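Note sheet for the following structure.
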Amino acid sequence: MEKENGTITGLGGLELFWQAWLPEYLRAVVLLIHGFGEHSGRYGNVVESLVPEGIGIYALDHQGHGRSQGLQGHVDSFHDYVIDVHSFFTQVVLPAAGNLPVFVLGHSMGSIIAMNYVTEYSEGLKGYILSGTGAASPISGGKVLQGITAFLSRMAPRARIKFPLPPEFISRDPEVVAAYKADELVHSKISFRLAQGMNAALTTGAKAIAGLDLPVLIQCGSEDESFAGKQELFDSLQNKDKTLKIYQGYKHEVYNELQADRQRALADLAAWLNQQINK
């Protein structure tokens, strides 16, 4: 396995860190979009599962995340993430992939970015995967709370609060939770602007992919507290090539669950990708 890393210049002149894991013989490429508060380095299980299959992985740390510049947990517009991802795609991923199949994998907040990305830039993509996702987010609250968040997003956009879910929501594996807590590149700060923008982008993104004719795999845990409407999201998709995997007992990060359980989710991911590559 070969590892690469570098930086690109994102919106606002921010330096954004990226890294890649590549096999000796490259068959396909996955553009991985990580979630809120984390970074591209937390996907070792995905790397170890896919790279031996000849699938390279490219991942960008969003602004305000990981090793990238920017205020932690804040973005001026949620769509800035989409633009940064596309800059990464055109400058780094596409030149490396050439004519090989390219897939997008978005987890959690990254799944929201992915929804909006694939509907805007579907040309050249072979398919996409949404992990830890759904049609709605229970933590966004009802209309009153959403209204307050929208107001504060305008009045104090960069003001930040603590993310409302504890680290234990990610996995049943205590080692995964402990590593998450100890990771200096992980944070739990979220600005009112990002909170409001994320909720709005989920609504628009879920509606947008409903009419998208692009193969999709959705992988979720039945006990994931951060998203609701997993089945509803899947049922809304009009394309025929769609697959839903809801894993009973799993929490938010299906690739980081208990050892035997994570292998099932990773095997499903690899099998789906290989099926799409061979079509």
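Annotation note: GluC sites (Glu not before Pro) in region 7-40 located in DSSP loop regions with a Cβ neighbour count of at most 12 within 10 Å are GLU24. Antiparallel beta bridges, as assigned by DSSP with both residues in region 2-277, represent about 40 percent of the total such bridges. Put a plus charge on the Cβ of each Lys and Arg, a minus charge on the Cβ of each Asp and Glu, and nothing anywhere else: the dipole of region 227-274 about its Cα centre is then about 60 debye.
For region 160-242, the equivalent ellipsoid derived from the Cα gyration tensor has semi-axes of 29, 18, 10 Å, listed largest first. Amide H to amide H, with H built 1.01 Å from N, ILE218 comes under 5 Å of LEU130, THR243, LEU244, LYS245, counting only residues 5 or more places away or on other chains.
Computed per residue of the chain from DSSP H runs no shorter than four, each worth -39500 (n - 2.57), the mean residue ellipticity at 222 nm is -10500 deg cm²/dmol. Taking the charge dipole of the chain about its Cα centre, with +1 at Lys and Arg Cβ atoms and -1 at Asp and Glu Cβ atoms, the residue from ILE8, TYR247, TYR117 reaching farthest to the positive side is TYR117. Taking the Cα centre of the chain as reference, the dipole from Cβ charges on Lys and Arg (+1) and Asp and Glu (-1) amounts to some 640 debye. Pairs from the table (LYS181/LYS251; LYS126/LYS230; LYS3/LYS279; LYS207/LYS242; LYS162/LYS207; LYS207/LYS240) lying more than 26 angstrom apart at Cα are LYS3/LYS279; LYS162/LYS207. Volume per residue of the convex hull around the Cα atoms, evaluated for region 10-80, comes out as 86 Å³.
Each 10 Å bin from zero up to the one holding the largest Cα-Cα distance in region 2-277 carries the following percent of pairs: 7, 32, 39, 20, 2, 0. The phi torsions of region 174-190, fed into the Karplus equation with coefficients 6.51, -1.76 and 1.60 and a -60° offset, translate into couplings of x, 5, 5, 5, 5, 5, 4, 5, 7, 6, 6, 8, 8, 9, 10, 9, 9 Hz, rounded to whole numbers, with Gly and Pro shown as x.
Length available on full extension from GLU53 to GLU15: 0.36 nm per residue minus the Cα-Cα distance, which gives 10.5 nm.
Just so you know, all these numbers are worked out from the coordinates, no wet-lab data involved. In this text the structure is predicted, and so the values were computed from the model without any measurement. No Cβ is skipped: glycine too gets one built from the backbone with ideal geometry, and neighbour counts run over all protein chains shown.
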